[in-house]
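Below you'll find the structure, written out as C-alpha cells, and then a few comments.
The values are calculated or read from the model by the stated rules, or taken from the named source; none is laboratory data. The structure displayed is predicted, hence computed values, not measured ones. Every residue, glycine as well, gets a Cβ built from its backbone with ideal geometry; the counts of neighbours run over all protein chains shown. Surface areas here come from the heavy atoms of the whole protein model, side chains and all, with no ligands, DNA or RNA. Shrake-Rupley method; radii C 1.70, N 1.55, O 1.52, S 1.80 Å.
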Amino acid sequence: NRIELFHDLINTTICMDQLVEIICSDIRSEPDMKRLVILNTIKSSLELFEKLQQNIPNVDLIYLSSNVIPKQRLERINKIKKHSGKGLIIVSTQVVEAGVDIDVDVVYRDLAPLDSIIQASGRCNRNSVKTRSKVLVFQLAKDNKPYWKYIYDQTLVYGTIKVLSEFRNPIPKSEFFFMSNEYYHHLHMVATQDR
C-alpha cells in the first residue's frame, strides 16, 4: 500500500486557478516533495506551467510533453532523476505515463480513463522508498468543458467516475486490482448493451 488514490474531486470540475491553489497549498505544507502534474492537453499543461512560474518562482519546475523535442525531453528526464527531490514540480502531459522511469512523491492527474490513471500512479513512489505517497485525481475544465472531452471517449471516463465513486476515498494500492476488474466489467456491460 505504498500509494493512495484520492478521488474526491472527480464529480465536479475545477478551473486552472483552483488547481494552482491546490498545488501551492500542498507546497506550503510539504515543500520538500517531488511532484508530478499530468494534464490532458498541451495547451492546459503550458498554461499551468506559466501560472506556477508566476506563483511559486522559488520552486524548481520542469516541463515535459510531446511538443518538447526528444533530445530535450531526455535531458529533462535525466535532470529529474538527478534532482535531489527537494521541492521539484514536473508539469507534463500523458507522455510520462509509459516508458519514463521517474519517481515522485505526489501525482496530480487530470481525469482520464482508469488505465491512464493507474499508469500515472506508477510514477508515484516507484522505488518504494517512502512509506506512503498520494495520487490526486481531479476534473480540470475551462468554461465548464472538461479537458478530457477533447481527447477521451466519454464512455471510458464516465465508467472511471462510476467505478472510482464506488470505492472509499482514498483508495489504497491494494484495491487497484479490484477497481480495474470493476472498470472492465462495467465497460463490457456497456458494450453488450450497445449491440
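Sequence-distant or interchain residues sharing an amide H contact under 5 Å with Leu136, placed H: which?
The list, which skips near neighbours in sequence, is Phe6, Val107, Tyr108, Arg109.
If you fit an axis through the alpha-carbon atoms of helix 154-165 and take the longest principal axis of the Cα set of the chain, what angle between them do you get, 0 to 90°, nearest 10?
Taking Cα atoms only, the helix is inclined about 90 degrees.
Which value at 222 nm does the chain reach when only helices count, each DSSP H run of 4 or more adding -39,500 (n - 2.57), with the total divided by all residues and rounded to the nearest 500 deg cm²/dmol?
Using -39500 (n - 2.57) per qualifying helix, the result is -13000 deg cm²/dmol.
Place +1 on the Cβ of every Lys and Arg and -1 on the Cβ of every Asp and Glu in the chain, take the dipole about the Cα centre, and give the residue among Leu39, Leu156, Val95 whose Cα lies farthest towards its positive end.
It is Val95.
Rounded to whole Hz and in sequence order, give me ³J(HN,Hα) for segment 139-150 from the Karplus expression 6.51 cos²θ - 1.76 cosθ + 1.60, θ = phi - 60°, writing x for Gly and Pro.
10, 7, 9, 10, 6, 6, 10, x, 5, 4, 5, 6
If you take the charge dipole of the chain about its Cα centre, with +1 on Lys and Arg Cβ and -1 on Asp and Glu Cβ, which of Met16, Asn58, Phe6 is farthest toward its positive end?
Highest projection toward the positive end goes to Asn58.
Hey, rough spin-label estimate for Leu74 and Ile161, points 7 angstrom out along Cα→Cβ, what's it come to in nanometres?
In this crude label model, Leu74 to Ile161 measures out at 4.1 nm.
Tell me the Kirkwood radius of segment 11-54: reciprocal of the mean inverse pair distance over distinct alpha-carbon atoms, in Å.
11.3 Å
Is the shape of segment 1-145 rounded, prolate or oblate, going by the alpha carbon gyration tensor and its root eigenvalues a ≥ b ≥ c, with a/c under 1.5 for rounded and a/b larger than b/c for prolate?
Since a/c stays below 1.5, the shape of segment 1-145 is classed as rounded.
Among the trypsin sites (Lys or Arg not before Pro) in segment 148-194, which ones are in a DSSP loop with at most 15 other Cβ atoms within 10 Å of the Cβ? Mind listing them?
Arg168
Quick one: what does P(r) look like for segment 74-195 with 5 Å bins over all Cα pairs, in whole %?
Cα pair-distance distribution for segment 74-195, in percent: 2, 9, 19, 21, 18, 15, 9, 4, 2, 1, 0.
What list of ³J(HN,Hα) couplings, whole Hz, do you get for segment 99-110 from phi and the Karplus terms 6.51, -1.76, 1.60, once you set θ to phi - 60° and write x for glycine and proline?
Working through the residues one at a time gives x, 10, 8, 10, 10, 10, 8, 9, 10, 10, 10, 4 Hz.
For segment 61-117, what class follows from the C-alpha gyration tensor (a ≥ b ≥ c being the square roots of its eigenvalues): rounded when a/c is under 1.5, otherwise prolate if a/b is larger than b/c, else oblate?
oblate
So between Glu50 and Asp101, what do we pick up on full extension, going 0.36 nm a residue minus the alpha carbon distance?
In short, 15.9 nm is gained.
For the chain, what is the charge dipole size about the Cα centre, in debye to the nearest 20, if Lys and Arg each add +1 at the Cβ and Asp and Glu each add -1 at the Cβ?
540 debye
Hey, if we sort Thr93, Thr13 by accessible area with the 1.4 Å probe, largest down, what's the order?
Ranked from most to least accessible, the order is Thr13, Thr93.
Out of segment 102-195, which GluC sites (Glu not before Pro) are coil in DSSP terms and have no more than 14 other C-beta atoms within 10 Å?
Counting only loop positions with at most 14 other Cβ atoms within 10 Å, the GluC sites (Glu not before Pro) in segment 102-195 are Glu166.
Explain nothing, just the number: dipole magnitude of segment 47-110 about its Cα centre with +1 on each Lys and Arg Cβ and -1 on each Asp and Glu Cβ, in debye rounded to the nearest 20.
260 debye
With θ set to phi - 60°, apply the Karplus curve 6.51 cos²θ - 1.76 cosθ + 1.60 along segment 57-62 and write out the HN-Hα couplings as whole Hz, x wherever there is a Gly or Pro.
With the stated coefficients, segment 57-62 comes to x, 8, 9, 5, 10, 10 Hz.
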